[in-house]
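Only one structure is covered here, and it is reproduced in the block below.
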């Protein structure tokens, strides 16, 4: 079954990337809200910290749906924060820099390998 | 220690998002190469499938560094593929669509919750 699933994935769709990005900003928002609560509201921090531990924010929609039921004000705060963080990231991010970063890492890894395989002449 | 780490994260940096994006495209490239090998080269497919199982491609740099040592031609293929997939995604992706997708999901989750909490008058 695993084999079939992998063979069927020809990666002509990019919806998974977009979902992944949204999930990541939700995770980042959760961390940000946790950090704020730690400073400002220790008892809510402890509650939320435990909630995050019990309900991993990997699928952001499922995670927020659960949180909304338990503490709506915290869920709203996470939702506002993920949109805000995304907006801030957009201003800094550049496709060109990202393309160069991938390309540079590719070259760096090949260079590392080359150095490892080259035998220096013994003196 | 965990508490300290979280409290220190004020999310003013976005390097983590960029790293996450690169890791995700590496993971996507691995899946793509696996799908191609499954069709074209079953014995290499089995080898790579096991390698991926034993070395989870979560930190892409560590993963490729290990792969380069074992099978350089496969590592090169993954590296070329992740750059290629990223280039294709850039052409489809729009910050505005992504912003709207997050905003729409926020509203959808609040709407869901509203419907659940509204008590319909019994007849």
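The values are calculated or read from the model by the stated rules, or taken from the named source; none is laboratory data. If you're wondering where the values come from, they're calculated on a predicted model, not measured in any experiment. Don't worry about glycine lacking a Cβ; one is built from the backbone with ideal geometry, like all the others, and counts go over all protein chains shown.
Within the group A:99, A:49, which residue is at pLDDT 95 or above, more than 25 Å from residue B:100 (Cα to Cα) and assigned to a helix (DSSP H, G or I)?
Being at pLDDT 95 or above, more than 25 Å from residue B:100 (Cα to Cα) and assigned to a helix (DSSP H, G or I) holds for just one of A:99, A:49, which is A:49.
Per-residue answers, yes or no, for (1) more than 19 Å from the chain's Cα centre (by Cα); (2) under 20 Å from residue B:24 (Cα atoms):
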{"position": "A:71", "(1), (2)": "yes, no"}
{"position": "A:87", "(1), (2)": "no, no"}
{"position": "A:99", "(1), (2)": "no, yes"}
{"position": "A:102", "(1), (2)": "no, yes"}
{"position": "A:114", "(1), (2)": "yes, no"}
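Considering only residues that are touching a helix residue (DSSP H, G or I) at 6+ places or on another chain (Cβ under 7 Å) and either buried (at least 20 other Cβ atoms within 10 Å of the Cβ) or not in a helix (DSSP H, G or I) (or both), which ones fall in segment A:64-73?
Passing the criteria: A:64, A:67, A:68.
Against the condition facing another protein chain (nearest Cβ under 10 Å), at negative phi and either in a helix (DSSP H, G or I) or exposed (fewer than 14 other Cβ atoms within 10 Å of the Cβ) (or both), how does residue B:36 come out, does it pass?
yes
Scanning for something over 30 Å from residue A:65 (Cβ atoms), surrounded by 19 or more Cβ atoms within 10 Å (Cβ to Cβ) and more than 18 Å from the chain's Cα centre (by Cα), does segment B:52-63 turn up at least one residue?
Checked against the condition, which is being over 30 Å from residue A:65 (Cβ atoms), surrounded by 19 or more Cβ atoms within 10 Å (Cβ to Cβ) and more than 18 Å from the chain's Cα centre (by Cα), segment B:52-63 yields no hits at all.
Kindly indicate whether any position in segment A:74-87 is outside any loop (DSSP other than H, G, I, E, B), surrounded by 12 or more Cβ atoms within 10 Å (Cβ to Cβ) and modelled with pLDDT under 95.
The answer is no; no qualifying residue exists.
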